[in-house]
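Only one structure is covered here, and it is reproduced in the block below.
The values are calculated or read from the model by the stated rules, or taken from the named source; none is laboratory data. A quick note: this is a predicted structure, and the numbers were derived from the prediction, not measured. Note that we place each Cβ from the backbone using ideal geometry, even for glycine, and neighbour counts take in every protein chain shown. Protein only, heavy atoms only, side chains kept; ligands, DNA and RNA dropped before computing areas. Shrake-Rupley method; radii C 1.70, N 1.55, O 1.52, S 1.80 Å.
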Amino acid sequence: MSEHDGVRYLHLDSPWVQGAMRLAKPQALELEYIQRMMAWMLWRPEEEVNRGHAVQLGLGAGAITRFCHKVLRMKTTVVEINPTVIGANRLWFRLPPDDARLTVVEGDAARWVADPAHVGTAQVLNVDLYDHDAAAPVLDDESFYAHCRDVLDADGGLMTVNLFGRDSSFERSAQRIAKVFGLDQVWSLRPTREGNTVIVAGRDVKVPGRDALTARAANIENRFGLPARKWLRMVRPLPDFS
């Protein structure tokens, strides 16, 4: 861990930041790319935006998990393979104990999404899986993304994926996601200054008109304090790389 200017950072035996928490506002989303991982909210109707089951693959510093559990008050499950990361979150990043709405699973994300018991159980799936070097996604093949799609609610489930890394190829990963979800069900946000690009993929999502999206963005900002109108300006359909 490291701390600077009121922010605590998580590292996995390297200089690369795996997550962050502002000590004075532990439920807030400190990192810009983590905020953008919540862009799935734009694709959900206002009355449903925080309903259902949110799953995170990769705990990091627990920001998305804390936000979904404490702020959105959704049923929340997080899958993390590294017990040391879970322990650090309990001790230093204010991850609450399991309760009726929160389940922390120590396990392999690929096995979790491949388990038939989890088919169709999540309205939201956030995927942020990197090793200690943050070089490339740990899980990034069509089979994995197909299982992710299976986990989603068949009527409008949404997945966000953080794509970042010195050795990773955005185009390669995006093509794999589009092949599984369909090109018309995949969107991307502009990269952050640090180089994180968030992909949003839907399972039979019905996209409303611009006015409805603008109203949804305003609702997200007013209720949850996230820069959703900014997201709306930077969302683009995924190009056809073929």
message: From the helices alone, meaning DSSP H stretches of at least four residues, give me the mean residue ellipticity at 222 nm for the chain, per-run term -39500 (n - 2.57), in deg cm²/dmol to the nearest 500.
response: -8000 deg cm²/dmol
task: Just need the relative contact order of the chain here, percent rounded to a whole number, with Cα pairs under 8 Å and 6+ apart.
output: 18 percent
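When ligands, DNA and RNA are left out and all protein chains stay put, how many square angstrom of accessible area per residue does region 90-242 have with a 1.4 Å probe?
Per-residue accessible area for region 90-242 comes out at 49 Å².
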- prompt: Residues with amide H under 5 Å of Tyr130's amide H, sequence separation 5 or more or different chain, H placed in the peptide plane at 1.01 Å from N; which?
  reply: Val138
- request: Work out, in µm²/s and without decimals, the Stokes-Einstein translational diffusion coefficient of region 101-235 at 4 °C, 1.567 mPa s, Rh from Kirkwood over C-alpha pairs.
  value: 81 µm²/s
- prompt: At what distance in nm do the modelled label points of Val138 and Gln27 sit from each other, each positioned 7 Å from its Cα along Cα→Cβ?
  reply: 2.9 nm
message: Using a Cα-Cα cut-off of under 30 Å, which lysines could be cross-linked to Lys179, ignoring same-chain neighbours fewer than 8 residues away?
response: Lys75, Lys206, Lys230
Region 121-242: relative contact order in percent, alpha carbon pairs under 8 Å with at least 6 residues between: 25 percent
field: Share of alpha-carbon pairs per 5 Å distance bin for region 2-70, given as whole %
entry: 3, 15, 25, 25, 16, 9, 5, 2, 0
Distance (nanometres) between label positions extended 7 Å along Cα→Cβ at Val119 and Arg172: 3.1 nm
- prompt: How much of the DSSP beta bridge set in the chain is antiparallel, as a percent to the nearest 5?
  reply: 50 percent
- prompt: Can you pull the percent of region 7-119's accessible area that's carbon plus sulfur, 1.4 Å probe, other chains left in place?
  reply: 54 percent
- prompt: Expressed in nm to one decimal, what extension gain is obtained for the pair Trp92 and Met1 from 0.36 nm per residue of sequence separation less their Cα-Cα distance?
  reply: 31.9 nm
field: Exposure of Asp240 as accessible area (Å², to 10), given a probe of 1.4 Å and all protein chains
entry: 100 Å²
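Loop-only check: which trypsin sites (Lys or Arg not before Pro) in region 132-225 are DSSP coil with at most 16 other Cβ within 10 angstrom?
Sparse-neighbourhood loop trypsin sites (Lys or Arg not before Pro): Arg166, Arg193, Lys206.
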statement: Honestly region 73-117 on the Cα gyration tensor test (a ≥ b ≥ c root eigenvalues; a/c under 1.5 rounded, otherwise a/b vs b/c for prolate or oblate) is just oblate
